[in-house]
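Every read-out reported here was derived from the displayed coordinates using simple, explicitly stated rules and does not represent laboratory data. A quick note: this is a predicted structure, and the numbers were derived from the prediction, not measured. Using ideal geometry, Cβ is built from the backbone for each residue, glycine included, and neighbour counts are taken over all protein chains shown.
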Amino acid sequence: MTRSRLFAITASCAVVATIAIAVSNTPSPANAAESGDSRIQIGLNAAPVPLNMKGKNVALVGLGSYFVNVAGDCNGCHSAGPQTEYAPGGNPFFNQPEHTNPATYLGGGRSFGALIPGSAQIISRNLTPDASGKAIGGDSFQEFLHTIRTGIDPDHLHPPCTGAPNANCIPAPFDGNLLQIMPWPNLRHLSDHDLRAIYEYLSTVPCVQGNYPGEDPHRCG
Ligand code: HEC
């Protein structure tokens, strides 16, 4: 082999290597799917609203969407209720092509009534970001992690009753310090990574003003 021929081969190998490195460093939905976890692409396909992906990790968002929209049915409880969960003509239970209502998606406000007559109503909370862009109305990931791992209501909206039940408290045997109905006893078994993915996804969805009693009227800015 001549010297110049050897040089040509070495040079072309270097070019191929450079391209390979450039490709592997480019984040893209395709790469996310290629990570081997099919839940990422399934999750990305299942998101029913446009996502704000600015500065976000696609693989985490896709996995989070899988938990929120495919396996977890967060919106089943965290919409405003069954009547408005789907857009008109888009209710799969009526055998219509599914179309989630973006005006109520994860905006909370669905009432589950009182656990014991005369005590506090249990109402799902608004999980969408506020104007700060952080999930669940401005919660940090650490706050979200603590809520799911412990079940403790970060807002203490319905403390334990100290006397007769009233509309602001929850009587025993329920512990009013804990979120009720919300399936934290299941979700707390997820890994930190999985919960991070849920948090990441919840920070990409559009802000919904929601109808939770006492909601900041300027939640979305
Ligand atoms: C079976 C209904 C139900 C499902 C399913 C559900 N939630 Fe909830 N969630 C609730 C209710 C109701 C509350 C408020 C409970 C209370 O006031 O005691 C709540 C509260 C919360 C809170 C506390 C709000 C805060 O300010 O920190 C978070 C976070 C939350 N849910 C996230 C989720 C996520 C994420 C999912 C899906 C993975 C989910 N929920 C699925 C019913 C549900």
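A compact table of results
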| quantity | calculated |
| --- | --- |
| The stretch 50-98, residues that are of a type in the set (Gly, Ala, Ser), outside any loop (DSSP other than H, G, I, E, B) and surrounded by 15 or more Cβ atoms within 10 Å (Cβ to Cβ) | Ala59, Gly62, Gly64, Ser65 |
| Segments classed as helices (runs of 4 or more DSSP H), wholly inside the stretch 126-221, with at least 1 members that are of a type in the set (Gly, Ala, Ser), near the ligand (Cβ under 10 Å from one of its atoms) and without any contact (Cβ under 8 Å) to a residue 40 or more places away in the chain | 135-138 |
| Every pair of residues 6+ apart whose Cβ atoms lie under 8 Å, when the first sits in the stretch 59-78 and is more than 12 Å from Pro48 (Cβ to Cβ) while the second is among the basic types (Lys, Arg) and near the ligand (Cβ under 6 Å from one of its atoms) | His78/Arg125 |
| Count - residues of the stretch 99-122 that are touching a Ser or Thr at 6+ places or on another chain (Cβ under 9 Å), surrounded by 17 or more Cβ atoms within 10 Å (Cβ to Cβ) and farther than 19 Å from Gly72 by Cβ | 0 |
